[in-house]
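Quick note: the coordinates plus some simple rules give every number you see, no bench work behind them. Predicted, not measured: the structure shown is a model, and the values here were computed from it. Here the Cβ positions follow ideal geometry from the backbone for every residue, glycine too, while neighbour counts run over all protein chains shown.
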Amino acid sequence: MFPLCRVCVTQDVIQKPMIRTESKLVKKDAPDLFRLIQAYMGDRKITGGRSDAPTTTAGLLTDVVVKGWNVVELRDEIFIQICRQTTRNPREYEPAIALTITRTHAHTHTHTAI
C-alpha cells in the first residue's frame, strides 16, 4: 500500500481545509465541498440530506463551480481537493471527471491578481 499521503485519494471526509487559511468561511465550507467533489467523482454516494442538496452529478458540479465563482477564497481549496481525489485513484474515469470540474471551474471565473 502507499505510505501516508496527504494529497492522495480518500473515502474519508476531511475535517478541515487542505490549504492553510485564516478564513472562517473556507474552514466552514471545505468539508462540504469535499463531499460534493467526492460524490461527483463517484467516490461517495449522492445523498440528499438537505432539502436543497443536489441529487445529480450536474447539480453537484454546479454547486462546486458556483461556490468557487462566488467565494474567491475557496478557489485554491477546490483545486487542491480535486488534485487529492485524482492522485492514486484506482477508478479509470476519474481523470476525465476531474478535468471537467477543473475546466468548468477555470472557465467560469477569472483568477485574481496577486
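Sorted by packing (mean other beta-carbon atoms within 10 Å per residue), highest first, where do 27-33, 83-89 land? Don't skip to the answer; put the middle values down first.
Details: 27-33: 16.4, 83-89: 18.6.
Order by mean packing, descending: 83-89, 27-33.
Which order do the peptides 11-19, 36-44, 71-79, 53-61 take when ranked by the mean count of other beta-carbon atoms within 10 Å per residue, highest first? Working shown, then result.
Working: 11-19: 13.2, 36-44: 21.1, 71-79: 18.7, 53-61: 15.4.
Packing order, densest peptide first, comes out as 36-44, 71-79, 53-61, 11-19.
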- Item | Distance (nanometres) between label positions extended 7 Å along Cα→Cβ at Asp32 and Arg91 | 2.2 nm
